[in-house]
Amino acid sequence: MYVGTENVKSIHFDESENQLLIAEMIKNFGAKEIKPYMMEWDETQEFPVRLFNEMGKLGLMGILVPEEYGGAGLGYLEYITAVMEISKIDGSIGLSVAAHNSLCTNHILQFATEDQKQEYLPKLASGEWIGAWGLTEPNTGSDAGNMRTVAVRDGDYYVINGAKNFITHGKSGNVAVVIVRTGEVGDSHGMSAFIIEKGTPGFSAGRKENKLGMRASETTELIFNDCRVHRSQMMGNEGEGFIQAMKILDGGRISIAALSLGIAIGAYESALQYSKERHQFNQPISKFQGISFKLADMATKIEAAKLLTFRAGDMKNRGTDVTKESAMAKLYASEVAVDVANEALQIFGGYGYTKDYPAEKYYRDAKLCTIGEGTSEIQKLVISRCLLK
Ligand SMILES: Cc1cc2nc3c(=O)[nH]c(=O)nc-3n(C[C@H](O)[C@H](O)[C@H](O)COP(=O)(O)OP(=O)(O)OC[C@H]3O[C@@H](n4cnc5c(N)ncnc54)[C@H](O)[C@@H]3O)c2cc1C
């Protein structure tokens, strides 16, 4: 889908050539490199680092990064297409691509100095390095601004103590962008963002979560124990970290909407196919109105979620404020993913409850979408604040 809204009279809903090429490339790549292994990764919770290195060679690890830093130099519409197509196959790979691109890499792209960009973007965009992004803490998730991990100035260094949790690629990530407190608790200008490399003394990964879904996407704690970081690793000025993080989440939410869409479409397409093959009472189950109406609802909700998501992407491309629109896209698409995955599993009946069919995995993976990068309740908070200001 291409939403060209510069001239309101000519909104195009067809995919651009770039989007079609990306979709085809991912379909082919996924058939060879993801599909044959994804249930094993899911079973064992393996995070397939090599796969991400390979996706880097295809430009999928630096989709939004300009070519001068080794990225693909594409926009949000292509980015949405990429995350959606990967997530149609495997949501957990889609989640990791989204976290790498739009959280860690994008934070550096948006807020780092030229030297920092030169240092980190080529490695991240090529997939040689994997990036993590740490905002959440054990006691502060939705209320991230109340974080307790603290960085204390000591000459040219900051000494960081505390912990982050639920961090995607916390262990395998080569570099992490972390937001920590440098001022008073409760002050939105009391937090700063640092780029911290794996292997920095005092910085380590903690427990890896054993999750319901998205099991091939690694989720761990980050632990800071007198971790000394030079002030040159800070992005922007002291006190700007939380504001930066909120801006990053505006874009990040578009990618969770794309992730949700991919899971919903994957679940829907598999259920549609199954409904034509499975016979009961001497006819395909798709002939029962009870089933065909489910398919109609699923397809309609997916189309509505697509419109919201691509609209937010188009606005982001044009540099418009997308706080409300990205929250709306994320809220709606993630709830649709859960709903569609649930109905898809229902259409598969008992077989849907087994690992012989893809329905159960879509069902497990979908639920993360209403939680990560702000729960549905928090999206409503963001939307209503925009409406009432
Ligand atoms: C697989 C996975 C990957 C993740 N990856 C990352 C990552 O890479 N980096 C990162 O920083 N974080 C990451 N997260 C963390 C994620 O963003 C948080 O889990 C999420 O923001 C919710 O925070 P919480 O889990 O602490 O829930 P809580 O904030 O404790 O919320 C619990 C419940 O209370 C509700 N609630 C809270 N406040 C309000 C309110 N004001 N009004 C109404 N309801 C409210 C919530 O909606 C929710 O239903 C990840 C999480 C998961 C599960």
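The values are calculated or read from the model by the stated rules, or taken from the named source; none is laboratory data. Bear in mind that the values here come from a model prediction, so they are computed numbers and not experimental data. As a convention, Cβ positions derive from the backbone with ideal geometry for all residues, glycine included, and neighbour counts pool all protein chains shown.
So the values come out like this:
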{"item": "Test: Ala31 is surrounded by 18 or more Cβ atoms within 10 Å (Cβ to Cβ) and at pLDDT 95 or above", "result": "no"}
{"item": "Total residues in the range 130-146, condition more than 30 Å from Glu54 (Cα to Cα) and in a loop (DSSP other than H, G, I, E, B)", "result": "5"}
{"item": "Which listed residue, of Ser96, Ser102, is more than 10 Å from the ligand (Cβ to nearest atom) and buried (at least 24 other Cβ atoms within 10 Å of the Cβ)", "result": "Ser102"}
{"item": "Within the range 157-175, considering residues that are surrounded by fewer than 24 Cβ atoms within 10 Å (Cβ to Cβ) and within 16 Å of Arg228 (Cβ to Cβ), the one farthest from the ligand (Cβ to nearest atom)", "result": "Tyr157"}
{"item": "From Gly186, Gly170, residue being within 18 Å of the chain's Cα centre (by Cα) and outside any strand (DSSP E or B)", "result": "Gly170"}
{"item": "Hey, Glu373 near the ligand (Cβ under 10 Å from one of its atoms), touching a residue at least 24 places away in the same chain (Cβ under 8 Å) and on the phi < 0 side of the Ramachandran plot or not", "result": "no"}
{"item": "Filter pass, Glu119 being assigned to a helix (DSSP H, G or I), surrounded by fewer than 22 Cβ atoms within 10 Å (Cβ to Cβ) and without any contact (Cβ under 8 Å) to a residue 40 or more places away in the chain", "result": "yes"}
{"item": "Residue selected from the range 176-185 under the condition out of contact with any helix residue (DSSP H, G or I) (no Cβ under 8 Å at 6 or more places or on another chain) and farther than 30 Å from Phe52 by Cα, by the criterion nearest to the ligand (Cβ to nearest atom)", "result": "Arg181"}
{"item": "Close pairs from the range 92-109: first part of a helix (DSSP H, G or I), partner among the hydroxyl-bearing types (Ser, Thr, Tyr) and at pLDDT 95 or above, Cβ under 6 Å, at least 6 apart", "result": "Ser92/Ser217; Gly94/Ser87; Leu95/Ser217; Ser96/Ser217; Ala98/Ser255; Ala99/Thr168; Ser102/Ser255; Ile108/Tyr120"}
{"item": "Evaluation of Ser188 against (1) away from the ligand (no atom under 15 Å from the Cβ); (2) closer than 21 Å to Gln116 by Cα (one fails), failing number", "result": "(2)"}
{"item": "Top-ranked residue of the range 105-145 - restricted to ones that are in contact with a Gly (Cβ under 8 Å, 6 or more places away or on another chain) and among the polar types (S, T, N, Q), ranked as nearest to the ligand (Cβ to nearest atom)", "result": "Ser142"}
{"item": "Residue match in the range 211-219 (condition: buried (at least 20 other Cβ atoms within 10 Å of the Cβ), more than 22 Å from Gln116 (Cβ to Cβ) and among the charged types (D, E, K, R))", "result": "yes"}
{"item": "Single unsatisfied condition, Gly252 versus (1) within 10 Å of the ligand (Cβ to nearest atom); (2) part of a loop (DSSP other than H, G, I, E, B); (3) buried (at least 24 other Cβ atoms within 10 Å of the Cβ)", "result": "(2)"}
{"item": "Answer residue from the range 36-62, given it is of a type in the set (Asp, Glu) and not in a loop (DSSP other than H, G, I, E, B) and is nearest to Gly127 (Cα to Cα) among those", "result": "Glu54"}
{"item": "Selection status of Ala216, more than 15 Å from the ligand (Cβ to nearest atom), among the small types (Gly, Ala, Ser) and touching a residue at least 40 places away in the same chain (Cβ under 8 Å)", "result": "no"}
{"item": "In the range 214-257, the residues that are under 19 Å from Leu308 (Cα atoms) and in contact with an Asp or Glu (Cβ under 9 Å, 6 or more places away or on another chain)", "result": "Leu249, Asp250, Gly252, Arg253, Ile254, Ser255, Ile256"}
{"item": "Residue within the range 270-281 that is under 30 Å from Glu373 (Cα atoms), of a type outside the set (Lys, Arg) and either modelled with pLDDT under 95 or touching a Phe, Trp or Tyr at 6+ places or on another chain (Cβ under 9 Å) (or both) present", "result": "yes"}
{"item": "Filter result for the condition that a residue is away from the ligand (no atom under 16 Å from the Cβ) and either more than 18 Å from the chain's Cα centre (by Cα) or assigned to a helix (DSSP H, G or I) (or both), over Ala366, Ala344, Ala327, Ala337", "result": "Ala344"}
{"item": "Top-ranked residue in the range 280-294 [being in a helix (DSSP H, G or I) and free of Cβ contacts under 8 Å to residues at least 40 places away in the same chain; ranked as nearest to Tyr351 (Cα to Cα)]", "result": "Ser286"}
